[in-house]
Amino acid sequence: MNTLQLPHRYIVIEGPIGVGKTHLAKRLADSCSGTTLLEEPEHNPFLEKFYLHPKQSALPAQLSFLMQRVKLSKTVQQDDMFNDLQIADFMVEKDRLFAQITLDDDELSLYNMVYDNLTMEHRIPDLVIYLQAPLSVLKTRVSQRGIGYEQRIEDAYLQRLADSYADFFHYYDASPLLIVNAEQIDLTSSEQDYQNLLEQISTLQSGRHYYNPLPVKEK
């Protein structure tokens, strides 16, 4: 099978917890001979503590993620040198979305000072793919992947996060943007659902676009 060539060198896939960012990033990289930049939440020593005791552990958990995301994003700068396709399952700006719903005012003020100093220079994606799905779908997918500490996520927190993403991307215009309704498609198991999305991605070069597919029954 020939490798698909995309008109992008740096693609970011975003969306709330459980929507399928990481799987799509890996699958897209495999289809297009790209490399992945993936978050590693299992390497955040404060994350499980955060789900157990949110108020006490929110700030260290958030700062740990910020450091990790900034470090990973710096590797994208090498793209200018090697011209590789790089696909990430996060954008640095997402860090602030989480901070705004988990930190109190004093913590957020401190966090913002650190954020502003660490993120002064980072590359803008050539394309952002924003996956969205309703709370019921996110809950099902979080449950299915069976990560222990994620099973403690409260519905209210997950809904606030989904709402924060929706608000952020309502105003986002820094990159070409593809907004995908992922409620009824299965990008994990359905080859046709994936190929249909891949066709959308391969033809998109500028502007804001919406993809609202219906599920495809596999033959």
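Worth pointing out:
Residues checked against (1) small (Gly, Ala, Ser); (2) modelled with pLDDT under 90:
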| residue | (1), (2) |
| --- | --- |
| Gly148 | yes, yes |
| Arg152 | no, yes |
| Asp155 | no, no |
| His170 | no, no |
| Thr188 | no, yes |
| Asp193 | no, no |
| Gln200 | no, no |
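- Qualifying residue in the range 97-109 (condition: more than 18 Å from the chain's Cα centre (by Cα), of a type in the set (A, V, I, L, M) and over 21 Å from Lys21 (Cβ atoms)): yes
- Among the residues listed as Ala162, Ala166, Ala133, the single one being without any contact (Cβ under 8 Å) to a residue 60 or more places away in the chain and not β-branched (Val, Ile, Thr): Ala166
- Filtered by the rule that a residue be farther than 20 Å from Leu138 by Cα and without any contact (Cβ under 8 Å) to a residue 24 or more places away in the chain, the range 20-49 gives Asp30, Pro45, Phe46, Lys49.
- Residue match in the range 165-179 (condition: of a type in the set (Ser, Thr, Tyr), within 25 Å of His43 (Cβ to Cβ) and under 13 Å from the mean Cα position of the chain (by Cα)): yes
- Residue that is surrounded by the most Cβ atoms within 10 Å (Cβ to Cβ) [pool: residues in the range 130-146 that are at pLDDT 90 or above and either more than 15 Å from Ala182 (Cα to Cα) or among the aromatic types (Phe, Trp, Tyr) (or both)]: Tyr130
The values are calculated or read from the model by the stated rules, or taken from the named source; none is laboratory data. The model shown is predicted, which means the values in this text are computed figures rather than measured ones. We place every Cβ from the backbone using ideal geometry, glycine too, and count neighbours over all the protein chains shown.
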